[in-house]
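Trainee: Before I ask anything, let me first share the structure, which is written out below as structure tokens.
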Amino acid sequence: MKPRVLISEPNAEVRRLLELTVERLGYELVKAPAAGPPPAADAVVLEPASPESHSLLHRFGDEVPPVVCLSVYPREAGLAPPESVAYLVKPSSTAALGDALRSVFGR
């Protein structure tokens, strides 16, 4: 089974690009509803400055999967949640995102 990746990105165009990239990298894309419990995911790619991303992580409760941050703000802004395993600054390459996700899944 392919690892499942959930994306939380407020910009629709950037989100669609990330969705295509995650699928091209060989992962299964899962989508979160606007409310309620999030779907099962093995990793989350998110914009840590987004209120929607914070809401999503909160809905996971104590079971937050590893988080790859992809932000317009530098790491020094202090936005990364504790579950962060990688922090990339936009614009970031497909290779960098792929490397971050491979580090999560050990591939």
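Trainee: Of all residues in the stretch 32-56, which are out of contact with any strand residue (DSSP E or B) (no Cβ under 7 Å at 6 or more places or on another chain) and on the phi < 0 side of the Ramachandran plot?
Mentor: Answer for the stretch 32-56, where residues must be out of contact with any strand residue (DSSP E or B) (no Cβ under 7 Å at 6 or more places or on another chain) and on the phi < 0 side of the Ramachandran plot: PRO33, ALA34, ALA35, PRO37, PRO51, HIS54, SER55.
Trainee: Filter the stretch 10-44 for residues that are touching a residue at least 60 places away in the same chain (Cβ under 8 Å), closer than 17 Å to VAL64 by Cβ and assigned to a loop (DSSP other than H, G, I, E, B) and give the result.
Mentor: The answer is ASP42, and nothing else.
Trainee: Quick test for you: out of TYR27, TYR87, TYR73, pick the one residue that is open to solvent by less than 20 Å² (accessible area, probe 1.4 Å) and among the aromatic types (Phe, Trp, Tyr).
Mentor: That would be TYR27, the only listed residue that is open to solvent by less than 20 Å² (accessible area, probe 1.4 Å) and among the aromatic types (Phe, Trp, Tyr).
Trainee: Checking the condition under 20 Å from VAL104 (Cα atoms) and in contact with a helix residue (DSSP H, G or I) (Cβ under 7 Å, 6 or more places away or on another chain), which residue from LEU25, LEU56 passes?
Mentor: LEU25
Trainee: Quick check on the stretch 49-70: of everything there that is over 18 Å from ARG15 (Cα atoms) and within 12 Å of the chain's Cα centre (by Cα), which residue is most open to solvent (accessible area, probe 1.4 Å)?
Mentor: Restricting to residues being over 18 Å from ARG15 (Cα atoms) and within 12 Å of the chain's Cα centre (by Cα), the top hit is PRO66.
The values are calculated or read from the model by the stated rules, or taken from the named source; none is laboratory data. The structure presented is a predicted model; accordingly, all values stated were derived computationally and were not measured. Ideal geometry is used to build each Cβ from the backbone, glycine not excepted, and the neighbour counts take in all protein chains shown. When the accessible area is computed, the model is the full protein with side chains, heavy atoms only, and any ligands, DNA or RNA have been set aside. Shrake-Rupley method; radii C 1.70, N 1.55, O 1.52, S 1.80 Å.
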